[in-house]
Structure formats: structure tokens, C-alpha cells
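One structure is given below, encoded as C-alpha cells.
The values are calculated or read from the model by the stated rules, or taken from the named source; none is laboratory data. This one's a predicted model, so the numbers in the text were calculated from it and none came from an experiment. Neighbour counts run over all protein chains shown; Cβ positions are idealised from the backbone, glycine included.
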Amino acid sequence: MFKVNKLSLNLNKTNYILFTKKSKITDNPINVTIDNVPIGKVKQTKFLGVIINEKLTWEDHIITIRGKISKGLGILTKLIFYLPNCILVNLYTLIHPYYDYCNIICITGTSTYLNKLLFFFYKREQCV
């Protein structure tokens with residue numbers, strides 16, 4: 001189909017993932033090839049900025065988002081004594097999209113990982 005439409009596929013970036021129930025995960029790889037190039041199996045992948053794992057638990061995505069939010073808030077915490085509040089609020093707008101983008105999938109995550117993510121939100125609300 002790609003060749004008919006004169007499209008190309010970067011086989012170095014191509015992989016596959018099997019979505020299975022937790023109890024039915026197998027380590028037996030399936031041999032997938034495209035133009036005689038083997039395609040590797042991965043346990044997680046990033047698609048449109050969302051990290052998807054084979055169990056669809058969203059824990060990997062939440063951990064990544066938590067790290068990005070933590071770094072941003074750490075920088076804001078160091079700048080709080082040097083910048084006025086209006087600038088700090090503007091800088092916070094660089095962190096806030098991590099809460100908003102695909103937030104519906106974070107809600108479906110386990111409460112352990114969700115609480116780690118929401119900790120930053122509740123901590124920020126207390127400071128305002």
C-alpha cells in the first residue's frame with residue numbers, strides 16, 4: 001500500500017506491540033517483517049506524546065509526565081525569590097499543559113501512580 005501511494009516507511013523506527021491481558025503476556029516474539037526487514041517487539045511505545053504499554057495501564061506515561069512536571073516546578077521553586085508573581089504564573093503555563101494533554105488516560109491509571117501525579121497539583125494549590 002505504501003509503494004502504490006508513493007509513501008515511505010522508516011523501518012528503523014518501526015516496531016510492534018501486543019496488547020494483552022496481564023495474565024496472558026507471553027515472551028515469545030512473533031516474526032514480523034516488512035520487505036525482509038525484521039520488525040522488533042517493544043513493551044512500550046510513544047504515540048502522539050503518549051506512552052502506551054502492552055498492558056494499557058498508563059503507568060509509564062504518568063511516570064514520565066510526573067518527571068517533567070517535577071523538573072518544571074523545581075525550576076519555578078528556585079526562581080520564586082527572584083521573579084515577580086506575574087512572571088511565575090506565565091512560566092507555570094509551560095508546565096500546566098502536561099496536566100491537560102490526554103488527562104483522560106491518566107484518570108484511568110492506578111491510584112498509586114495517579115496520586116503521585118496529583119501530589120504536585122495539590123501542593124501548588126496550597127501555595128496560591
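Taking first residues from region 61-89 that are farther than 18 Å from GLY49 by Cα and partners that are exposed (fewer than 13 other Cβ atoms within 10 Å of the Cβ), the Cβ contacts under 7 Å between residues at least 6 apart in sequence or on separate chains come to LEU88/LEU79; LEU88/ILE80.
For region 27-53: of the residues being among the β-branched types (Val, Ile, Thr) and over 30 Å from ARG66 (Cβ atoms), which is modelled with the lowest pLDDT? Among those residues, the one meeting the criterion is ILE30. Restricting the search to helices (runs of 4 or more DSSP H) fully inside region 74-128 and requiring at least 1 residues that are modelled with pLDDT of 60 or more and hydroxyl-bearing (Ser, Thr, Tyr) gives 85-92, 96-100, 111-127. Of all residues in region 31-50, those being more than 22 Å from ASP100 (Cβ to Cβ), in a loop (DSSP other than H, G, I, E, B) and touching a residue at least 24 places away in the same chain (Cβ under 8 Å) number 3. On the given criteria, is GLU54 farther than 16 Å from ASN15 by Cα and surrounded by 13 or more Cβ atoms within 10 Å (Cβ to Cβ)? No.
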